[in-house]
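The values are calculated or read from the model by the stated rules, or taken from the named source; none is laboratory data. Not measured: the values here are computed from a predicted model. All Cβ positions, glycine included, derive from the backbone under ideal geometry; neighbour counts span all protein chains shown.
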Amino acid sequence: MLRMMMMDTRSGNPDERFFRMMSDFVETYRGEFPTTADFKRIVEKHIVPELDATGDGKMDWFFDQWVHGTEIPTFESNLSVARAGREWRIHGTIKQSGVSEDFLTLVPIYVDFGKGKLVLLGRLPLRGESSGRIDRTATMPQAPEGVLINAHHDVLSLNTGRK
């Protein structure tokens, strides 16, 4: 999940940020017995905007939920894509359920161009059992076939969110 959130698809090496963080962890704790807290400190040292869900530069939200917690969300989506002049409009809702009120997920949204080509559009933050709306217009390199959430199983869930 960290790798997917750190991925920079605009880069020639989309995993560079993640590998740099992991290399730092290995070098920092070589020959030692690092703890989860040690790993968290390294993640925070390499935090990128996509990980800073709470805006405080900390990864407490992630480690509390995904490392120390046991909850797993279920997603439902009702998204569509339609031509809007020379652009494309992506709109609809994404729902998260099966979690406590403070559970925070950054749900990845992908534009599907067919033949396995998926492009990350962004991430929708959802807290607790809630729904969020998407309404975004963008220029696309070609006509999209659809919109998917959690298409690469980026976030551990009881389903992929595809409908």
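Is one or more of the residues making up the range 52-68 closer than 30 Å to E145 by Cβ and in contact with a Leu (Cβ under 9 Å, 6 or more places away or on another chain)? Checked the range 52-68: at least one residue is closer than 30 Å to E145 by Cβ and in contact with a Leu (Cβ under 9 Å, 6 or more places away or on another chain).
Take the residues of the range 120-163 that are of a type in the set (K, R) and outside the structural domain of S100 (by TED's automatic domain parsing): which is modelled with the lowest pLDDT? Show your work before the answer.
Taking the range 120-163 as the starting set, the residues that turn out to be of a type in the set (K, R) are 123, 127, 133, 136, 162-163.
Pick out the ones that are also outside the structural domain of S100 (by TED's automatic domain parsing) and you get 162-163.
Details: R162: 54, K163: 48.
In this case the residue turns out to be K163.
Pairs are defined by a Cβ separation below 6 Å, a sequence spacing of at least 6 or placement on different chains, a first member in the range 54-79 that is free of Cβ contacts under 8 Å to residues at least 24 places away in the same chain, and a second member that is in a helix (DSSP H, G or I) and hydrophobic (A, V, I, L, M, F, W, C); the pairs so defined are M59/V43.
Test Q96 against the criterion of being out of contact with any Lys or Arg (no Cβ under 7 Å at 6 or more places or on another chain) and part of a loop (DSSP other than H, G, I, E, B), and give yes or no. No.
Please find, within the range 71-83, the residue that is surrounded by the fewest Cβ atoms within 10 Å (Cβ to Cβ) out of those that are among the charged types (D, E, K, R) and assigned to a strand (DSSP E or B). Spell out how you get there, then give the answer.
Keep residues of the range 71-83 that are among the charged types (D, E, K, R), which gives 71, 76, 83.
From what's left, assigned to a strand (DSSP E or B): 76, 83.
On the way: E76: 15, R83: 11.
Per the stated criteria, the residue is R83.
Residues are listed down the side, and each one gets a yes or a no for (1) surrounded by 15 or more Cβ atoms within 10 Å (Cβ to Cβ); (2) in contact with a helix residue (DSSP H, G or I) (Cβ under 6 Å, 6 or more places away or on another chain); (3) closer than 28 Å to F39 by Cβ; (4) among the β-branched types (V, I, T):
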site: A53; (1), (2), (3), (4): yes, yes, yes, no
site: F62; (1), (2), (3), (4): yes, no, yes, no
site: G69; (1), (2), (3), (4): no, no, yes, no
site: G85; (1), (2), (3), (4): no, no, no, no
site: T105; (1), (2), (3), (4): yes, no, yes, yes
site: P108; (1), (2), (3), (4): yes, no, yes, no
site: T137; (1), (2), (3), (4): no, no, no, yes
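Yes/no matrix, rows are residues, columns are (1) in contact with a strand residue (DSSP E or B) (Cβ under 7 Å, 6 or more places away or on another chain); (2) of a type outside the set (A, V, I, L, M); (3) modelled with pLDDT of 95 or more; (4) not in a loop (DSSP other than H, G, I, E, B):
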{"site": "F19", "(1), (2), (3), (4)": "no, yes, yes, yes"}
{"site": "V26", "(1), (2), (3), (4)": "no, no, yes, yes"}
{"site": "K40", "(1), (2), (3), (4)": "no, yes, yes, yes"}
{"site": "V43", "(1), (2), (3), (4)": "no, no, yes, yes"}
{"site": "I47", "(1), (2), (3), (4)": "no, no, yes, no"}
